[in-house]
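The values are calculated or read from the model by the stated rules, or taken from the named source; none is laboratory data. This structure is a prediction, so every number in the text was calculated from the model and none was measured. All Cβ positions, glycine included, derive from the backbone under ideal geometry; neighbour counts span all protein chains shown.
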Amino acid sequence: MTAHSFSVSRLFHHRSFALGSAMTACVILVALMAMIGTPQDPTAMDIAQKMQGPSEAHWLGTDRYGRDVLSMAMAGATVSLAVSFAAVAFGIAFGVPLGLFAAMRGGALDEAAMRISDFIFAFPALITAIMLREIFGPGALNAMLAIGIFNVPVFARVTYGAALSMQTRDFVVAARLSGKGETRIAVDHILPNILPLLIVQATIQLSLGILAEAALSYIGLGVQPPAPSWGRMLNDAQTLMAVAPRLALVPGLCIVFTVLGLNLLGDGLRDLLDPRLKRRRG
Amino acid sequence: MSLLWLARRGLGLCLALLAASVIIFVLMDLLPGDPAEIMLGTSARPDTLAALRAEMGLDRSAWVRYAEWAGGLLRGDFGKSQTYAVPVAELVGERLVVTLPLALISLCLTLIIALPLGAWAAARRNSTTDTAIVAITQLGVAIPNFWFAMMLVLLFAISWRWLPSGGFPGWDAGPRAALALILPAIALALPQAAILTRVMRSSLLETLSEDYVRTARAKGLTRGEALRRHAFRNALIPVLTILGLQFSFLIAGTVVIENVFSLPGLGRLIFQAINQRDLVVVRSVVMVLIAFIITVNFVVDIAYALVDPRLRGRG
């Protein structure tokens, strides 16, 4: 089993882990707070108050419909994280079993499963979103599925590679000799051991998902108005860039902050959970 | 490279293209219901609908329609656009002269930035330069390309008025056309360059610790010479892998960035077609983009085998 010695102080001495987890915790906290309530209704328009600069009533000002930018950004965090988390869950739910299956079975099925996963990898979320749009219509579900489908081959490949390297390890051989079935071995012995790798990959896919969701909503394939989302806010802000660059800065910085936090967290986790990789990365 | 290996790979490419065409056809033609009704809207007159159905061949079976579409693709006949009333192949051709140069310029920019920067960081491992480069790439990966594009427009087009904020004058305009592609290409190249710099750095660090580099040092080469003569070339293999994998992101990025800058490329064509409910165009352009990605991945596969003979034995 994994033999990493863990202590909380060691965790937080790692700079990128400490910084990344703090940033990510911030975003998750804001997203949770926004589920309970935002300072103002993020969809409430107030034309009399449109295009206001930052003030006491509107900390980050208002947009062209007089909506409160802070509230929209907060609600955007919820949407962005929800879509991205769901897409990662989708990727894990289908990718991990596929990768495990291929690694345990071997032979022609193994080859076929991995070829299929390579093939899916050729479909960027954007193209999938365009294709699914005719069936589901544009919206958060469309974005989640498109990003989720792209996550499947990613998790399949990581699982496959890691599970394959476990096949010759003593504890797997021992389990096989003791008469355990392949499924039991996969669940009892392989999965717990490749979990660190999957966690790291999940963090990376989360951050990619945030970027993809923003792009999809920006071009109109993702979250639809009036539901607030960072991508939509950027789309709205584009024509107003000369007048109010603030409207483009707020959602953009939200995305950068979130993605940066998740990436730092992923890097830190990789160093901490997999010492082998750390040595290799120098 | 053995012919058998090449033939197997070629067969794989054909199968992948075939599978892609089936998936695209099923998702965009069979499942959404009546394409003619989608295109004309529910308020269309029955006779107009019937006419469009006949024109699109919707009265025939799905098999026949697929065979006609796929057969047409093979002959370069992508169907006819409903809104522009011209062959889709013609539209695609017109748009490719924008999309292709854009993708190529940003690819070149990516390599010009990433390879030296990654090598520089690796050569000065753990120095301030290295730390700074790693920090910058960390930021570069986190910035969405379309937001970066907007920030570039804000600076270079709105504030300083050095470059156009969007639109494309056509290649007849010469230098002005090239100017119009500068900001979009930079916006596309940034995240790609950030990722590739990181890959280049870690790959070079790995090769620098290999025995042959130590041998080279032992026979009197300086660290820099060993890096240039021995490590650099070998470090390029993982870079090539990632470059191939990143290609689908580059294509997706082009689609988004063209919309930020209103460039008349394939990406803009897709979205205009989506808004105009011109399904024939959407379907064929999606197929073109996917075929492009699959083919590039195939070429990268072959390129590996040329660079690294050890990989030829596999699959």
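Listing for the model above:
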{"read-out": "Boolean, B:S61 is within 14 Å of chain A (Cβ to nearest Cβ) and hydroxyl-bearing (S, T, Y)", "value": "no"}
{"read-out": "Selection status of B:L100, more than 13 Å from chain A (Cβ to nearest Cβ), at pLDDT below 95 and either over 25 Å from A:L216 (Cβ atoms) or under 21 Å from the mean Cα position of the chain (by Cα) (or both)", "value": "yes"}
{"read-out": "Residues within region A:130-174 that are on the phi > 0 side of the Ramachandran plot and in a helix (DSSP H, G or I), tallied", "value": "0"}
{"read-out": "Region A:114-129, residues that are part of a helix (DSSP H, G or I) and within 11 Å of chain B (Cβ to nearest Cβ)", "value": "A:M114, A:R115, A:I116, A:D118, A:F119, A:I120, A:F121, A:A125, A:L126, A:I127, A:T128, A:A129"}
{"read-out": "Every residue from region B:152-179 that is assigned to a helix (DSSP H, G or I), more than 7 Å from chain A (Cβ to nearest Cβ) and of a type in the set (A, V, I, L, M, F, W, C)", "value": "B:L152, B:L155, B:F156, B:A157, B:W171, B:A173, B:A177, B:A178, B:L179"}
{"read-out": "Per-region count, region B:212-267, residues away from every other protein chain (no Cβ under 11 Å), on the phi < 0 side of the Ramachandran plot and part of a loop (DSSP other than H, G, I, E, B)", "value": "6"}
{"read-out": "Qualifying residue in region A:212-219 (condition: closer than 21 Å to B:T254 by Cα, acidic (D, E) and within 11 Å of another protein chain (Cβ to nearest Cβ))", "value": "yes"}
{"read-out": "Looking only at region B:17-38, and only at residues there that are away from chain A (no Cβ under 11 Å) and surrounded by 18 or more Cβ atoms within 10 Å (Cβ to Cβ), the one that is farthest from the chain's Cα centre (by Cα)", "value": "B:A36"}
{"read-out": "Criterion violated by A:R232 - all others in (1) within 13 Å of chain B (Cβ to nearest Cβ); (2) of a type outside the set (G, A, S); (3) surrounded by fewer than 20 Cβ atoms within 10 Å (Cβ to Cβ) satisfied", "value": "(3)"}
{"read-out": "Region B:269-278, residues that are in a helix (DSSP H, G or I) and either buried (at least 22 other Cβ atoms within 10 Å of the Cβ) or acidic (D, E) (or both)", "value": "B:L269, B:I270, B:A273"}
{"read-out": "When residues of region A:136-165 are limited to those that are over 30 Å from A:A215 (Cβ atoms) and touching a residue at least 40 places away in the same chain (Cβ under 8 Å), the one surrounded by the most Cβ atoms within 10 Å (Cβ to Cβ)", "value": "A:A163"}
{"read-out": "Selection status of B:D278, of a type in the set (D, E), closer than 15 Å to B:P87 by Cβ and in contact (Cβ under 8 Å) with a residue 60 or more places away in the chain", "value": "yes"}
{"read-out": "Test: residue in region A:38-58 that is closer than 20 Å to A:A244 by Cβ, in a helix (DSSP H, G or I) and touching a Ser or Thr at 6+ places or on another chain (Cβ under 8 Å)", "value": "yes"}
{"read-out": "From A:A248, A:A244, residue being surrounded by fewer than 24 Cβ atoms within 10 Å (Cβ to Cβ), more than 9 Å from chain B (Cβ to nearest Cβ) and either out of contact with any Ser or Thr (no Cβ under 9 Å at 6 or more places or on another chain) or assigned to a loop (DSSP other than H, G, I, E, B) (or both)", "value": "A:A244"}
